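Notes follow the structure.
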Amino acid sequence: MAVAVMEAYADLAQRVLVGPARLGRTRLVAVDGPSGAGKSLFAARLADALATASGAGRPPVVHTDDLLDGWADQFSFWPRLEDSVLAPLRAGRPGAYHRYSWVRRAFLPDAVPVPVAPVVVVEGVSAARATVRRELSLSVFVTAPAALRLSRAVTRDGPQILPELHRWHAGERAHFAADDTARCVDLVVDGAPRLPHDAQRYYLRRRARPANRGGGPRMDGVDQVRHDAGKSTTTRRGSR
């Protein structure tokens, strides 16, 4: 039986900051995983830890939900992220994107800036997909049981989203199987916590690769982990 390992967000932040930048001058962090697993909360706590560790302010966090052109754009949004955010950062220029309003069903006119920062976090389903993997300084996959994830989503956005949500979950399963995401990321975190811990400061990891590509953050061992993934205060699909 695997042993649970508790790790501090502060330590993970330090690992990111001492690792190489692979997207221009930026260390790109991807927090991936199925909907309702706790990605947004993990990304927020890591961003807070990065701000404390660097003393340079909180890094930008880009939520891929904000780039989707509605439910049908589950995975085809990527060129929008590439053109608006990744390509400019790769070239050492600031990016900017327009946030989609799930209430208005349209992109909002005001652009959200993404400065050339030491670290940028991208959070959302397929954020660590194979096409960007070589440019990531850290990739994380947050997971939780399907029934719990479904319950969280319905609690958050209401039962009216169930038809779309079932289709969305099927799409996620197909994507993660084809992309082999969970096996290829640097760190797998369980979003269904069962062990007591200070969730503001620590997460519990399920699996970590012994070494990242080309000298990135190193994680020791392959262990069972759980991470506190409660409801995020960030408004997501269906509630804007």
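One residue alone among W71, W102 is at pLDDT below 95 and open to solvent by 30 Å² or more (accessible area, probe 1.4 Å), and that residue is W71.
Please enumerate the residues belonging to the range 84-106 that are among the hydrophobic types (A, V, I, L, M, F, W, C), over 13 Å from D66 (Cα atoms) and in contact with a helix residue (DSSP H, G or I) (Cβ under 9 Å, 6 or more places away or on another chain). Result: L86, single match. Pairing each residue of the range 195-213 that is farther than 24 Å from T52 by Cα with any residue that is open to solvent by 70 Å² or more (accessible area, probe 1.4 Å) and modelled with pLDDT of 80 or more, provided the two are 6+ apart or on different chains, yields C-beta distances under 7 Å for R213/R134. Cβ-Cβ distance below 8 Å, separation of 6 or more or different chains: which pairs start in the range 165-184 with a residue that is farther than 16 Å from S76 by Cα and touching a residue at least 12 places away in the same chain (Cβ under 8 Å) and end on one that is outside any helix (DSSP H, G or I) and among the polar types (S, T, N, Q)? Here the result reads L165/S35; T181/S126; A182/T143; C184/S139, each pair linking the range 165-184 to a residue that is outside any helix (DSSP H, G or I) and among the polar types (S, T, N, Q). For the range 44-52, the criterion of being of a type in the set (V, I, T), touching a residue at least 60 places away in the same chain (Cβ under 8 Å) and either open to solvent by 30 Å² or more (accessible area, probe 1.4 Å) or in contact with a helix residue (DSSP H, G or I) (Cβ under 6 Å, 6 or more places away or on another chain) (or both) is satisfied by no residue at all. Can you find a residue that is within 24 Å of L12 (Cα to Cα), open to solvent by less than 30 Å² (accessible area, probe 1.4 Å), in contact with a His (Cβ under 7 Å, 6 or more places away or on another chain) and among the β-branched types (V, I, T) anywhere in the range 126-145? Yes, because at least one residue in the range 126-145 is within 24 Å of L12 (Cα to Cα), open to solvent by less than 30 Å² (accessible area, probe 1.4 Å), in contact with a His (Cβ under 7 Å, 6 or more places away or on another chain) and among the β-branched types (V, I, T). Listed by first and then second residue, the pairs linking a residue in the range 122-135 that is farther than 16 Å from L187 by Cβ and assigned to a helix (DSSP H, G or I) to a residue that is among the charged types (D, E, K, R) and modelled with pLDDT under 95, with Cβ atoms under 8 Å apart and 6 or more places separating them unless they lie on different chains, are R134/R213.
Residues checked against (1) basic (K, R); (2) out of contact with any Asp or Glu (no Cβ under 9 Å at 6 or more places or on another chain); (3) closer than 22 Å to A111 by Cα:
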position: R25; (1), (2), (3): yes, yes, no
position: A30; (1), (2), (3): no, no, yes
position: G38; (1), (2), (3): no, no, no
position: L41; (1), (2), (3): no, no, no
position: A51; (1), (2), (3): no, yes, no
position: S54; (1), (2), (3): no, yes, no
position: E82; (1), (2), (3): no, yes, yes
position: L86; (1), (2), (3): no, no, yes
position: G92; (1), (2), (3): no, yes, yes
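The values are calculated or read from the model by the stated rules, or taken from the named source; none is laboratory data. Not measured: the values here are computed from a predicted model. Using ideal geometry, Cβ is built from the backbone for each residue, glycine included, and neighbour counts are taken over all protein chains shown. For accessibility, only protein heavy atoms count, side chains too; no ligands or nucleic acids. Shrake-Rupley method; radii C 1.70, N 1.55, O 1.52, S 1.80 Å.
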